[in-house]
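Asker: There's a structure below that I have some questions on.
The values are calculated or read from the model by the stated rules, or taken from the named source; none is laboratory data. Just so you know, these numbers come straight off a predicted model, no measurement behind them. Neighbour counts are summed over all protein chains in view; Cβ atoms, including those assigned to glycine, are modelled from backbone coordinates with ideal geometry.
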Amino acid sequence: MNKRITSTTLYEQALDVIVGGVNSPSRSFKAVGGGAPVFMKKAEGAYFYDEDGNRYIDYLAAFGPVILGHAHPAVTQAIQETAIDGILYGAPTSKEVEFATMLRDAIPSMEQIRFVNSGTEAVMTTIRLTRAYTGRNKILKFAGCYHGHSDLVLVAAGSGPSTLGIPDSAGIPTSISQEVITVPYNDIPALKGALAKWGDQIAGVLVEPLVGNFGIVPPAPQFLEQVNELVHQAGGLVIYDEVITAFRFHYGGIQNLYGVEPDLTALGKIIGGGLPIGAYGGRRDIMDKVAPMGPMYQAGTMAGNPLSISAGIACIRELSKEGTYQQLDEMGARLEEGIRSSADKHGVQIMLNRFGGALTVYFTDQEVFDYDTAQTSDSEQFGKFFRLMLEQGIYLAASKYEAWFLTTAHTDQDIAETLKAVDISFSKMESHK
Ligand code: PMP
């Protein structure tokens, strides 16, 4: 591995002109002991190439979207061909109709759809829509779940029993955070308690139907069914945030896998094939409230732009091919097995949560089923592991809460190389205990 001299120089320059040197905080290495992040020059298939000539096997997948691997020919070709005919119109195009139809065919609860530019926008708008539809103001979310960075959902990503929200960010008025109620994930008694207290004021309940933001945490049996039943009984609407999960585990959403349908769904990440996108949609009678049909305003200069839509169509079409998700699941199983056996061999205490081609390694002895248990993962141990893997050319997200994402570009050889690096990392962690 070459020394990352260029990365360090670029980081110093970046610190002067870009706040924190990065354009999203999750790209910084702050959570793993600080220092210069790796500046990338190129990415192809399952690999990253940095500015100093090092190659990495990538398990970040750009925090989810890059499920086909980097620069997939079907996606890059769609972008190139579309760009020649114009980059942005501000007028409707046939491709938007084609793509909305593809998405609705895959996720039928999205009877009507609107494209936006990010997951943040998609979720933010579904919240406004639940308020417009119900005439109520409060929102309930589950502790530790991330739903983008709009004011309402940056509240109470912390833990604790059904509390009124405490903002996780400066700059959020208490008048807003007071409208958000938080309960632990997978905790139906806590949800019942919150609904008993505030049920007649709650417009919408925001759910990651499978959590991707404090690691991979599946819903407990019957959790999704009970959420639907209880929230509907209280007269509120259920929003699924499938920004991470849609098309990650299945051709469609987690809602299709579990057979439970929300009233509204927010999408992002994978559906743009790597370009900026978001989408929201749901029941027709609710979507009727959106301008120009109804009184709830939402708009976007870049929304439904031809490049994102074409990249999205190309990506989703690739994912519809037979065997895609089986391949991701099989690779995930192989990684899981190898990581577990190395941890056993070297006496490193881990908990591993996996769902299909995504997994999280927690450095804890507790089973992880909510944010409190995810937080028990040892940050220092994770930091050590992250650095050891990076030095062996394996690129993981720089946070103990993030998933490893497999792509269809990863090969058996990549998995074998990764497992060798895991084994060496765990052996070094053991010797430093
Ligand atoms: N919801 C979930 C579940 C997410 O994981 C994210 C992004 N990590 C968002 C919403 C926000 O999406 P974006 O970054 O595109 O605004």
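Asker: Report whether or not T360 is under 21 Å from E430 (Cα atoms), buried (at least 22 other Cβ atoms within 10 Å of the Cβ) and either modelled with pLDDT of 95 or more or not aliphatic (A, V, I, L, M) (or both).
Answerer: Against the criterion (under 21 Å from E430 (Cα atoms), buried (at least 22 other Cβ atoms within 10 Å of the Cβ) and either modelled with pLDDT of 95 or more or not aliphatic (A, V, I, L, M) (or both)), T360 qualifies.
Asker: Being closer than 18 Å to I277 by Cβ, touching a residue at least 60 places away in the same chain (Cβ under 8 Å) and surrounded by 14 or more Cβ atoms within 10 Å (Cβ to Cβ) narrows it down to one of I67, I87, so name that one.
Answerer: So the residue among I67, I87 that is closer than 18 Å to I277 by Cβ, touching a residue at least 60 places away in the same chain (Cβ under 8 Å) and surrounded by 14 or more Cβ atoms within 10 Å (Cβ to Cβ) is I67.
Asker: Inside region 288-309, can you point out the residues that are part of a loop (DSSP other than H, G, I, E, B) and closer than 22 Å to D263 by Cα?
Answerer: Scanning region 288-309 gives D288, K289, A291, P292, M293, G294, P295, Y297, Q298, A299.
Asker: Can you tell me which of S118, S109, S94 is away from the ligand (no atom under 16 Å from the Cβ), surrounded by 12 or more Cβ atoms within 10 Å (Cβ to Cβ), modelled with pLDDT of 95 or more and small (G, A, S)?
Answerer: S109
Asker: Checking N228 against (1) within 16 Å of the ligand (Cβ to nearest atom); (2) modelled with pLDDT of 95 or more, which single condition isn't satisfied?
Answerer: Among (1) within 16 Å of the ligand (Cβ to nearest atom); (2) modelled with pLDDT of 95 or more, the lone unmet condition for N228 is (1).
Asker: Do we have any residue at all in region 248-269 that's of a type in the set (F, W, Y) and within 16 Å of the ligand (Cβ to nearest atom)?
Answerer: yes
Asker: Can I ask one more? Go through the residues of region 292-300 one by one and say whether even a single one is under 25 Å from R131 (Cβ atoms) and either within 14 Å of the ligand (Cβ to nearest atom) or surrounded by 24 or more Cβ atoms within 10 Å (Cβ to Cβ) (or both).
Answerer: Yes, region 292-300 has at least one match.
Asker: Could we say that Y280 is within 20 Å of the chain's Cα centre (by Cα) and farther than 30 Å from E430 by Cα here?
Answerer: yes
Asker: Out of D58, D50, which single residue is among the charged types (D, E, K, R), within 20 Å of the chain's Cα centre (by Cα) and either under 15 Å from L390 (Cα atoms) or at pLDDT below 95 (or both)?
Answerer: None of the others qualify; the one that does is D58.
Asker: Inspect region 41-52 for any residue being part of a helix (DSSP H, G or I), hydrophobic (A, V, I, L, M, F, W, C), in contact (Cβ under 8 Å) with a residue 60 or more places away in the chain and out of contact with any helix residue (DSSP H, G or I) (no Cβ under 7 Å at 6 or more places or on another chain) and give the result as yes or no.
Answerer: no
Asker: Yes or no: A279 farther than 16 Å from L210 by Cα and surrounded by fewer than 24 Cβ atoms within 10 Å (Cβ to Cβ)?
Answerer: When the stated conditions are applied, A279 does not pass them.
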